[in-house]
Every structure is written in structure tokens, then in C-alpha cells.
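The values are calculated or read from the model by the stated rules, or taken from the named source; none is laboratory data. In this text the structure is predicted, and so the values were computed from the model without any measurement. Because the Cβ atoms are built from the backbone with ideal geometry, glycine has one as well, and the counts that use them run over all protein chains shown. Ligands, DNA and RNA are excluded from the accessible area calculation, which covers all protein heavy atoms including side chains. Shrake-Rupley method; radii C 1.70, N 1.55, O 1.52, S 1.80 Å.
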Amino acid sequence: MVRCCPRTALLATTVLLASIGPDCEAQPGVWRYLELPGVRCEEVVGVHPLGSVGQPWTDELLATAEALCDVDAECLGVMRYIGTLEAHCNDWCGRPQFCAASGVSEGGLSLNSAWASFIKVERLAELGLGLRGTPHDLFWTWPTSGGPSGEVAAPLRRGELLRPLACGDEVLAEPWRGPAVVLLSSLLRPADARRLFPEACLVAHRPFGAPDPEDGAVGGLDGVITEVEDKELPVFSAALRRRVGDEASLPTWRYHFDAAHEFPVPLLGPAGSKRHILSAYFLTRDSTCEGPKGEPLSVEDVVAALSPEHVHVEDGTHKTREAAFKHYRFTLFCGNFTDQPFPPQALVYSIAYVAYALVPEFVHWKGSRLFFHMPDAAQGYRTMDVANLEPYLEDMVNNPAKEKIAEFKETFALLVQQLLWYRYREPARRRAEVAACLLCDGRQRELRRQAAASAAAAAAPAASAPALGSQGAGASGFPAVAYAVSAAGGGAGGPGAAAVAVVFCAMSRRGAHGLRSVVRETWGRAIAEAHPGAAQRFFVGRGEAVQEDVGLGDVIELPVPESYRTLNLKALTLLSWTFHAFPNLQWIVRHDDDVYLRAGALMAQLAARPPVRYYWGMFDHGSAPVRDPEHQHYNSYEQFPKQQHPAWGDIFPPYARGILWAMSADLMGLLVADFLEEISAQPGAVLDERAANSMPHPDDPAVGVLVTSLVRRGISVNLDDRDLNSYSLNPACNSTFSNIHNRTWIVHHVKPETMRCMWNLDTAEGAFGVADGNSAIDASKRLFPDLCLCSEEVEEEAFEDDEEEPFWYDKTRFNNAR
């Protein structure tokens, strides 16, 4: 790899240094060393010929150290101190150590976050790091798609074989309880990585176009985060893969990982004034658009129609994409996107810059797999008359008669822009770290739940063991009113709490025991019977009304006064209680007590979702805070400061309606940490109306505001609004908005007698359950019994502005590919 250097022993330092000169430089374009951050090799003891105490590390120092190692057959690589201890850094930050070939028989490599090793590529096999392919593949097979921060945004850089991750407080709102986590290149053989790091949680990253890291592998991996879709793992989903012959152990967990590397703009809203109407973006120089008669239009053809400065060809750089979208109202996409990762990076850019995308039909069809309104934020086409397109669009923008059309397009582009900002707030490198850490955390939670369930089964006969969610307070000793805001007094979730994966938390009132009773008798009972890892709790506030069902043990009295004005405080206190009561929780489902739920579909859905900063529900994207002090929803400017959205002014950020929403436990923990910090700053930390009036009202926007504060701090959140049509806001089939149909999962404002009617229909037709083996694809396509036999007559809310039309949405749009 290095020209002309003599094979001299590393210990002969003086001779060796003298032999390194201009003729001893590395060959251009040849990658000789792989950096393994967080990995320590077996050092050559007592040999420190370069650097000195107190000297900083430099690229020149590394180059000289590698040159020294190159000429010694007993040197496998170079080691650098990267730790944070000041005294150690003073001694070692500027003094490279060398990796001894003699250490191979003793294991050679070990995980150590304070060190980084640079290993000779041709010696990797000696350390047990076998590659599926050649070392050349690590550097050139999958070029990165640069963003504003450059190549470093990719989950693994070119030439990066593995990277130990720091899974600490920045990932979870609690101390890390799992093993070390290592993110691996898909080119590294899993079995080799397992031999080197037997106790670590190993997660492979599979870029688009790379081989399956488990193809032909016998064990080794705990998880895979992959940019590659398949039948079991469509966009933004999770799936399990069991190893043949090893069905007893936990399967490999697989998460789909969005290939988009980062969100390109720092601020939301249109990117300044738009100078031009239309640009064209080509995926490659050879890409084409289909003309009005289906004929292929090349780059040259479109240049002739639009002029050269308005036509841009993808070259992998942020600069080119910015030029293609930033100053345009519309952008025409040209190329074959069927063999590209989804979503295309260029589509993220166009929406970030609010350049309305005119995309091939395939991209538009697939858009709803990302967000419900993604198809409304872009326009699909089969053929395009490019020559007449710009005048047509210019008329749409400037003609007052077509103002509503232009407003519609910009509205949904801005709506989706915000959702993309949530998801890609962190660059892909950081999002991949978080996904890998939380995948490993989820596996550890599963193991702890299994251990807790086994211990509970061993401690009591199965026949007498109470079902989760239905414990009696007397038998279990579970304190129905025990709660403290601090983590130290979180309260127990009851017997079996450590085995709970999903908890259904109903916001209820003290006197609403009739509704609680019918939920227990119907779909709540089915959850307890069909899903042993699920529990249900009802939450009430303090008050004088009698709780007739307090003895059942599933009613939690929170230390918050029972009133409408304290709903925000009650909801956040509910999250805090739940987070501390169920130590191995994966999901929380928060719902109102007057909801009818086809829980089997929801449970199948959650099983097919990555529990990574995930927030699912029926989202309100443009609700304005009430500023009238006489209104029950009043928000003072102290509660919720005036917002300045570039298009919509003073509005709440997106939030899930309280009918029913789901959230991963990691995201709930981050919200609880922020809530407890805010409450602890209140005088006396009393949970009363005064405290409630210090935060946004009511409860649904309060949660949304907390989520948005995380995003503003630089934390990505996976907001999932794709199942709008699974909800019905009223138990009616004739509503103009969000009515019942045969694919409805969730119905709101249901009276007890109506809930029993719906339950009887479902159970009579055997439609309630969705088998554990089914995927969420089955649940989403499932046609359920017609609930219109139980439909109620409802009066829909009138719009305050008589000229305003009801919110438009596509009632036929379902997330069929899950």
C-alpha cells in the first residue's frame, strides 16, 4: 500500500523515522486503514515514538503514525485516545499507540469508548472481521447523498465498518440499562462481529442497494435498520425475522429507516420570495419525462422549453438541490423513482422549500405511506406538456379566480413541511444512532417482561393469577389513589406491571363509572383476554363524587382537582404516573372513556411500528388558541405565547386529538422529564388550577406543545397521521366529516348502550380479534362489520364563518401498505 518503505521493526524508531520521506507517501485513492471509533486494540507496550504529553492530535500525526505502522509487519494499526478525561487527554491525546499483531490470539479488539483504532484493511481478517465483498466496496459501492452538513450526515460514513454508540440520557429520559450497542456495516459478517463483541447488542445498517446483512448468516444480529423495503417491511414499519432452527431465542428486530439524510432548511414557511414559476429536476443525466403523447423528454428537450438555468440534474450535492427548489413555486420531477429509496431526498427538499412538486404517478401514489396529506402536497402526472406548463401555472398563481387552487396547494405543502421537519430534525447519522439504541432498548424491555411474566407464573398457579388490568385492590394491594409527581414516588402499576408492554390509559371523570363499566365489559375485556402484555387503567381527578368502582383496582386517582380547566395538568400527570408505574413499557395508548375501539387492529398496528419517538393519532394541524378569557378553552399569552406561523399566524403546533392516540415509551419519557422540570419550577409544586393555568389548554394541545418543544431542541419525532380514516368523531354514519364506515377502528362520543350494540355486532361476526400472526397490513385492509345498525343521530358543529367550507380530506385514502 505504501511505496518504497523498508520492512523495518517498529522498535527501531530512529532508523524508521529517518526512512520516511517524500517517497513514502500513500498511493492516491487507496484506502489503507479503517477507523473503528470506540474500539481498542491490543497495544504494543512501551512504544510511543510520536507526539508528546500535552500535544493535540493532528491529521499529520495520524499520517506519520500510519506510515510507521505500514513498514512493520507486526503492526496491525494505530490507536488514538478520544476520551473526555482531561488528565488522560493530556497524557495521550497527542501520543498515538500501536496495535500489536501478537494480540490477535488474545482477542485483538475490545469496546472502549475512550479510544479509536485505525486498522490496516488487509489485516482485518486476522482480527476476525470478515467482509462480505472486498474492502473496496466499503468506500465506493454506495456513495452518500450530501446534505447541508455534508457526508457526515449518513448513518455510516464511507469506510466506516462499525461504530459503538453512546446510548445515554440523550436517547432515554432514564439511565441506560442495556448492553453496549454497536452499529455495523452490512458488509461485516454478523457472526464475526458476534465473536468479537459477544455481550453487545449488534445492529446492522443496510443502505439502499446493499445486500441483506442476514442473507445466509447464522445468527449474530440483534437488529437491522434498513433503507430497503420488502413485502414484510414497507416504508416506516417494523417486523421480526426468526432464525431458522433458533425459534426459541428473540428474533432479529428489523426497522425501516428513511433514507433522507437531513432537513435542509432551518426555518419553516416559504423560503423567501419566489423569483420563478417553474424549474425541472432530473434524477440523472439520462432521466426523462413523459411528454403529452407519452414520448420521452430528455434534459435537452426540457431545457429547450424552460431555458438552461431552470433545469437541474441531481449530482448528490445540497447546492444543486437548493438551486432546483429554493426560488421556484413549482418543480417538475423527471426520472424513474421506482428503483430509488423512499422518500426521495429531492421530494423532501421540494417540500422544505415549498416548491410544489409535480411528480411521476408512482411517487404520488406512494406518498400516503409517509403522511396522510403527502399526496396533497404534490401533484402526480402520467404525461406532461412541458412547453405549455409554465403559462398554465403562472395563470393559476396570478388569476384571482383560481386563488383557492393555489391556496390549497400551498396549505398542504406547508402542512407536510412541518411534519418532515419533525421527522428529519436530526441528520440521518444521529437518527440511525437513536433507532439502533432504541431497538436494543426494546429488546431488553422484552427480555425483562418475559422474565417478569415467568416469575409471576412460577409464584402463583395460573388458574388463580389475575389478568392484567383487572386486579382487585384488596387481593393485589394496589393503591388505587397512590401517586407522587416525583420519580421516587411513582407508585406501582400493580402485580405484573413489569410484564406490561402496552397500557391503555383512559381519561375519565369520578362519576363516569357507567362508561368505565361498559368499556371493561366489551373491548377492554378483550384486550385483557387476548393480549397478556396489555393493561388498562382509568384516571380521575380529586373530588367529592363517589367512585363506585374504586375497589376494582384499575381506577387511578391523580392529585389534580377534577375540573375542565385542569384537564391539561391531569393528562400530563397521567403520563408521569404511567411512565413510573410500568418499568418495561413499550407503548402507551391514551383515550377518552367514551371511545369504542377495535383493539385488535390497533395492537397489530403497534406491533408493526418502530417504537422510536413515535406519536400516532388523528392530528389537528391548524387549531387556533382561544384568546377570549370567558371561553372554557382560553389560553393567555403566558400559557401559550402568540405564534407567528408564516402562513397561518397564531396556531397550535400539530397535536393528536384526545379521542385516542398512541406514543412510544421513549417519547413519553422525554415529555414526562420536561413536564416534571416545569412543575418543579412552580411555587410549592402544587398540582392545582394555578399550575394548570401556566401551561397550554386543554390537554391535547398541551401534549402537542411539549412534543414541539423537543423538536425545537433538535430532537426528531416520528409523527404518524396516516390513519385519519380509521377514526370516527361521532357514532354516526351520515356525518359529513369523519363518519363511521366498514374500516373504522375508533369511534368517539359513544354512549354505553351504543357501545354494547357495537360490541355485540363485532362479537357476533367474529370480527373483533386480529390474530397475533397477522400484520398491520391485514388490519388496515380488514373490512369490519357495519356499525351503522348502532348509529346515533348527531348534530354536527356549525362553522363560525358561514362562508368557510368544511376541512377537505380524501375519505378513500387508507395506509394499505404498512
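With the structure loaded, tell me whether Ala528 is surrounded by fewer than 21 Cβ atoms within 10 Å (Cβ to Cβ), more than 21 Å from Arg598 (Cα to Cα) and modelled with pLDDT under 95 or whether it fails that test.
No.
Keeping to the range 91-101, report how many residues are in a loop (DSSP other than H, G, I, E, B) and open to solvent by 10 Å² or more (accessible area, probe 1.4 Å).
So the answer is 2.
So which residues in the range 626-660 are modelled with pLDDT of 90 or more and closer than 20 Å to Leu420 by Cβ, if there are any at all?
Correct list: Ile651, Phe652, Pro653, Pro654, Tyr655, Ala656.
Which condition from (1) surrounded by fewer than 22 Cβ atoms within 10 Å (Cβ to Cβ); (2) among the hydroxyl-bearing types (Ser, Thr, Tyr); (3) within 30 Å of Leu789 (Cα to Cα) is the one that Ser694 breaks?
Against the list (1) surrounded by fewer than 22 Cβ atoms within 10 Å (Cβ to Cβ); (2) among the hydroxyl-bearing types (Ser, Thr, Tyr); (3) within 30 Å of Leu789 (Cα to Cα), Ser694 comes up short only on (3).
Output yes when any residue across the range 370-380 is in a helix (DSSP H, G or I), under 16 Å from Phe236 (Cα atoms) and either at pLDDT below 90 or in contact with a Ser or Thr (Cβ under 9 Å, 6 or more places away or on another chain) (or both), and no when none is.
yes
Identify, by number, the condition in (1) out of contact with any helix residue (DSSP H, G or I) (no Cβ under 6 Å at 6 or more places or on another chain); (2) at pLDDT 90 or above; (3) over 28 Å from Phe371 (Cβ atoms); (4) open to solvent by less than 10 Å² (accessible area, probe 1.4 Å) that Arg722 doesn't meet.
Of everything listed in (1) out of contact with any helix residue (DSSP H, G or I) (no Cβ under 6 Å at 6 or more places or on another chain); (2) at pLDDT 90 or above; (3) over 28 Å from Phe371 (Cβ atoms); (4) open to solvent by less than 10 Å² (accessible area, probe 1.4 Å), Arg722 misses just condition (3).
Has the range 513-521 got at least one residue that is charged (D, E, K, R) and open to solvent by less than 10 Å² (accessible area, probe 1.4 Å)?
Scanning the range 513-521, I find at least one residue that is charged (D, E, K, R) and open to solvent by less than 10 Å² (accessible area, probe 1.4 Å), so the answer is yes.
Can you tell me which condition Pro785 does not meet? The list is (1) under 25 Å from Ala656 (Cα atoms); (2) at pLDDT 85 or above; (3) assigned to a loop (DSSP other than H, G, I, E, B), and all the others hold.
If we test Pro785 against (1) under 25 Å from Ala656 (Cα atoms); (2) at pLDDT 85 or above; (3) assigned to a loop (DSSP other than H, G, I, E, B), just (1) comes out false.
Any residue at all in the range 645-653 that's among the acidic types (Asp, Glu) and touching a Pro at 6+ places or on another chain (Cβ under 9 Å)?
Yes; the residues of the range 645-653 include at least one that is among the acidic types (Asp, Glu) and touching a Pro at 6+ places or on another chain (Cβ under 9 Å).
Can you name every residue in the range 746-770 that is open to solvent by less than 30 Å² (accessible area, probe 1.4 Å) and out of contact with any strand residue (DSSP E or B) (no Cβ under 7 Å at 6 or more places or on another chain)?
Thr754, Trp759, Asp762, Ala767, Phe768, Val770 - these are the residues of the range 746-770 that are open to solvent by less than 30 Å² (accessible area, probe 1.4 Å) and out of contact with any strand residue (DSSP E or B) (no Cβ under 7 Å at 6 or more places or on another chain).
Search the range 442-459 for residues that are without any contact (Cβ under 8 Å) to a residue 60 or more places away in the chain and pair each with any residue that is surrounded by 13 or more Cβ atoms within 10 Å (Cβ to Cβ) and not in a helix (DSSP H, G or I) when their beta-carbon atoms are under 9 Å apart and the residues are at least 6 apart or on different chains.
Filtered contacts from the range 442-459: Gln450/Leu250; Ala456/Ala465; Ala456/Pro495; Ala456/Gly496; Ala457/Ala465; Ala459/Ala465.
Only one residue in Ala305, Ala280 is touching a residue at least 40 places away in the same chain (Cβ under 8 Å), in a helix (DSSP H, G or I) and not hydroxyl-bearing (Ser, Thr, Tyr). Which one?
Ala305
For the range 280-294, how many residues are closer than 13 Å to Arg382 by Cβ and more than 34 Å from the chain's Cα centre (by Cα)?
5
Residue under question is Leu393, and the condition is that it be open to solvent by less than 10 Å² (accessible area, probe 1.4 Å), touching a Cys at 6+ places or on another chain (Cβ under 8 Å) and either at negative phi or part of a helix (DSSP H, G or I) (or both); does it hold?
It is false that Leu393 is open to solvent by less than 10 Å² (accessible area, probe 1.4 Å), touching a Cys at 6+ places or on another chain (Cβ under 8 Å) and either at negative phi or part of a helix (DSSP H, G or I) (or both).
Just the residues that are hydrophobic (A, V, I, L, M, F, W, C) and either closer than 17 Å to Ile351 by Cα or assigned to a loop (DSSP other than H, G, I, E, B) (or both), please, taken from the range 416-432.
Selection gives Val416, Leu419, Leu420, Trp421.
If you take the residues in the range 531-548 that are at pLDDT below 85 and of a type outside the set (A, V, I, L, M, F, W, C), which one is most open to solvent (accessible area, probe 1.4 Å)?
For the range 531-548, the residue satisfying everything is Glu544.
Within 28 Å of the chain's Cα centre (by Cα), closer than 29 Å to Leu419 by Cα, assigned to a loop (DSSP other than H, G, I, E, B) and at pLDDT 95 or above: does that describe Leu585?
For Leu585, the condition - within 28 Å of the chain's Cα centre (by Cα), closer than 29 Å to Leu419 by Cα, assigned to a loop (DSSP other than H, G, I, E, B) and at pLDDT 95 or above - is met.
Identify the residue in the range 229-262 that is part of a loop (DSSP other than H, G, I, E, B) and modelled with pLDDT of 90 or more and, among all such residues, is surrounded by the most Cβ atoms within 10 Å (Cβ to Cβ).
Across the range 229-262, the extreme among qualifying residues is Phe257.
Looking at the range 312-323, which of its residues are touching a residue at least 24 places away in the same chain (Cβ under 8 Å) and either assigned to a loop (DSSP other than H, G, I, E, B) or under 28 Å from the mean Cα position of the chain (by Cα) (or both)?
Matches in the range 312-323: Glu314, Gly316, Thr317, His318, Arg321, Glu322.
Hey, which of the helices (runs of 4 or more DSSP H) in the range 599-709, taking only ones fully inside, have at least 2 residues that are closer than 30 Å to Trp523 by Cα and in contact with a helix residue (DSSP H, G or I) (Cβ under 9 Å, 6 or more places away or on another chain)?
Correct list: 599-607, 665-680.
Matching residues to (1) touching a helix residue (DSSP H, G or I) at 6+ places or on another chain (Cβ under 9 Å); (2) part of a loop (DSSP other than H, G, I, E, B); (3) open to solvent by 10 Å² or more (accessible area, probe 1.4 Å); (4) small (Gly, Ala, Ser):
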site: Val45; (1), (2), (3), (4): no, yes, yes, no
site: Gly51; (1), (2), (3), (4): yes, yes, yes, yes
site: Glu60; (1), (2), (3), (4): no, no, yes, no
site: Ala63; (1), (2), (3), (4): no, no, yes, yes
site: Cys69; (1), (2), (3), (4): no, no, no, no
site: Ala73; (1), (2), (3), (4): yes, yes, yes, yes
site: Gly83; (1), (2), (3), (4): yes, yes, yes, yes
site: Cys89; (1), (2), (3), (4): no, no, yes, no
